[in-house]
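Just so it is clear, none of the values below were taken in a lab; they were calculated from the coordinates. Nothing here was measured: the structure is a model prediction, and the numbers come from that model. As a convention, Cβ positions derive from the backbone with ideal geometry for all residues, glycine included, and neighbour counts pool all protein chains shown.
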Amino acid sequence: MSNIDMIKEKAANAEDMARKVWLAGIGAYGKGYEEVKGRFEALSTDSNKLFDELVVKGEKLETEGKDKVKEVQTKVAAQTEIETRIETVRNKLGLNNTDSDKKIEELSDKIDALTAAVAKLAAKPAVKKA
């Protein structure tokens, strides 16, 4: 084999090696792209699944919340009705605080008037009978 043949063979080997390095780089890029694409698709699927689960959970909580609000509204309405009935009974029996205060004030005024009348009577001299 001549030097020229050896140089040509080494050049061909070098060219073949450079081509293989080039192809390996492209292959690595392609493999990385496929892995990233696969991971992205998995994440996308997982995130869609998670989103759907969160929507279902949110709907459940919304329903529970509405039920709780209705329950509280019913209790408040019942309590208000009871308080209204109690107030009506208190008014009919004369136990209303405003009425009691008013009655006490009226009685106090009457006592003051009677005390004044008794004081006037006590101040008059006694008339002697013959």
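For the reader, a short list of remarks on this structure follows.
- Qualifying residue in region 26-47 (condition: in a helix (DSSP H, G or I), within 26 Å of the chain's Cα centre (by Cα) and surrounded by 10 or more Cβ atoms within 10 Å (Cβ to Cβ)): yes
- Any chance Ile4 is part of a helix (DSSP H, G or I), surrounded by fewer than 10 Cβ atoms within 10 Å (Cβ to Cβ) and either touching a residue at least 24 places away in the same chain (Cβ under 8 Å) or aliphatic (A, V, I, L, M) (or both): yes
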